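Written below as structure tokens is the structure these notes are about.
The values are calculated or read from the model by the stated rules, or taken from the named source; none is laboratory data. Just so it is clear, the model here is predicted, and its values are computed rather than measured. Virtual Cβ from ideal backbone geometry, glycine too; neighbours counted across all protein chains shown. Remember, those area values only see protein heavy atoms, side chains included, never the ligands or the DNA or RNA. Shrake-Rupley method; radii C 1.70, N 1.55, O 1.52, S 1.80 Å.
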Amino acid sequence: MTTSLRAVTSALDIPHEPDRARMYRESGARLRSAMADNGVDALILLGNGNVVYATGTSWPLLDAGLSHVERPVAIVLADDEHPHLFMPFREGASSESQIPADHVHPPLYLEFDEGVEYFARIAAELIPAGATVAVDELTGAMRRAADRLFPGGAPVDAAPVVGAAKLVKTVDQIACIRKACRITEEAVVDVQKALAPGVRQIDLSAQFVRRAFELGATANMLEAIWQAMPASKAEGTWTTTGDLALPLLTTERKLQAGDVLWTDVSITYTGFCSDFGRTWLVGDAPSARQHDQFHQWRDILDAVLKVTKAGATSGDLGRAAIAANGGRKPWLPHFYLGHSIGTNAAEMPMIGTDLGEEFDDKFVFPAGMVLVLEPVVWADGTGGYRSEEIIVITEDGFVPLTDYPYAPYGA
């Protein structure tokens, strides 16, 4: 059995458990520094991952697809070390938040006109007149009341501010991601053992979620994927690109002998995400052709890792992957070769998107960025191969955070 990655660098000093107070201070300092660099005086954050980053608070509903009306909101001010948090999830929220009590407020309901009118009054009290305000999301009600909510003029986009702050992870944030990965990997051990004809996809999901929360997961970040791949692209679900459909939602479909499953699951630990992907087989051993596909995938991954270090660009990784795959992109056209991860399961940068090679060449990896690599190898008649590996970029290479074997593939 081929096992997972080995570090190609000196070891990082990642704590066994994160120092939550230190992480909160450092995240706040990075946010305020990015605000200063972008000329922003106040941030209004609605995105769940952004609120987690700014406040250090986490709660059971993190996926934006699961929490709309009752979702936390944060206001970050350039001259205040503590953000203001509007938090509906009192029960089940992390009790380790470092925010003072006078900065924690009743919930806002920004999908409704009444909620926005209330928020406009609060914002006027907190945000100085004439301040430059950046917002990561605007609800319909916020757009309708923009003149009252933003009397100083239209807000700017918060993405450059938040993205710059989140790009490089602190050692405590890396510890959170590593713990999330370990919880995930331990939880999927029994799920993989349960693979058998007649087992439903949703049974796998139930088993995974229950075990993940027993092990300390904070939230189930996305609906677990256990996708049975078609024998050929022509037999699969139709797509606008003519390529494979991925991901398809989990259903009550019963597993069948010989199914090739592409898995994709994510949980959070204190608000920071894991991202697990492997290819599994149901009740069968890989054929020689499937073994060859796995080794082709591993050759691609190794080629990418060979050029991965601080100072490399997204373009360098993309070209290495394409060269190792005989001149073809080893990823799906609607996805990417890799992406970063943090309080969201997929964060910037995304490597190999339709923004093109010139864009990728402009993105230079800093040390301390966490990267998820997920090349894909496909040939009709095999079900293909896809797995994910998470690494931390270092000055001279990388350190892996994932540690799950590739069974039943490998030598």
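Is it true that residue 371 is crowded, with 20+ Cβ neighbours inside 10 Å and either in contact with a helix residue (DSSP H, G or I) (Cβ under 8 Å, 6 or more places away or on another chain) or in a loop (DSSP other than H, G, I, E, B) (or both)? When the stated conditions are applied, residue 371 does not pass them. Highlighted here are the strands (runs of 3 or more DSSP E) found entirely within the range 255-308 that include at least 3 residues which are of a type outside the set (S, T, N, Q): 260-264. Total residues in the range 169-184 satisfying the condition of being under 17 Å from the mean Cα position of the chain (by Cα) and surrounded by fewer than 19 Cβ atoms within 10 Å (Cβ to Cβ): the figure is 2. Of everything in the range 82-96 that is buried (at least 16 other Cβ atoms within 10 Å of the Cβ) and farther than 18 Å from residue 43 by Cα, the residue that is modelled with the highest pLDDT is 88.
Anything in the range 234-263 that is open to solvent by 30 Å² or more (accessible area, probe 1.4 Å) and hydroxyl-bearing (Ser, Thr, Tyr)? List them, or say none. If the condition is that a residue be open to solvent by 30 Å² or more (accessible area, probe 1.4 Å) and hydroxyl-bearing (Ser, Thr, Tyr), then 237, 240, 241, 251 are the ones that fit. Of the residues 367, 346, the single one that is among the small types (Gly, Ala, Ser) and touching a His at 6+ places or on another chain (Cβ under 7 Å) is 346. Among the residues of the range 375-409, those that are part of a loop (DSSP other than H, G, I, E, B) and farther than 19 Å from residue 191 by Cβ comprise 375, 378, 379, 380, 381, 382, 384, 395, 396, 401. Of 381, 410, all but one fail to be open to solvent by 10 Å² or more (accessible area, probe 1.4 Å), over 30 Å from residue 12 (Cα atoms) and at pLDDT below 95; the exception is 381.
Checked against the criterion of being within 25 Å of residue 194 (Cα to Cα) and in contact with a Gly (Cβ under 8 Å, 6 or more places away or on another chain), the candidates 275, 284 yield just one match: 284. Mind checking which residues of the range 347-368 are open to solvent by less than 60 Å² (accessible area, probe 1.4 Å) and assigned to a loop (DSSP other than H, G, I, E, B)? Selection gives 352, 353, 356, 363, 365, 366, 367, 368. Of 154, 196, which residue is open to solvent by less than 40 Å² (accessible area, probe 1.4 Å) and not polar (S, T, N, Q)? The unique qualifying residue is 196. Scanning the range 56-81 for residues that are modelled with pLDDT under 95 and β-branched (Val, Ile, Thr), we see that the one that is most open to solvent (accessible area, probe 1.4 Å) is 69. The single condition among (1) modelled with pLDDT of 95 or more; (2) over 22 Å from the mean Cα position of the chain (by Cα) that residue 8 does not satisfy is (1). Looking only at the range 374-390, residues that are at negative phi, of a type outside the set (Asp, Glu) and touching a Ser or Thr at 6+ places or on another chain (Cβ under 8 Å) come to 5 in all. For the range 97-127, which positions are exposed (fewer than 14 other Cβ atoms within 10 Å of the Cβ) and assigned to a loop (DSSP other than H, G, I, E, B)? Correct list: 100, 106.
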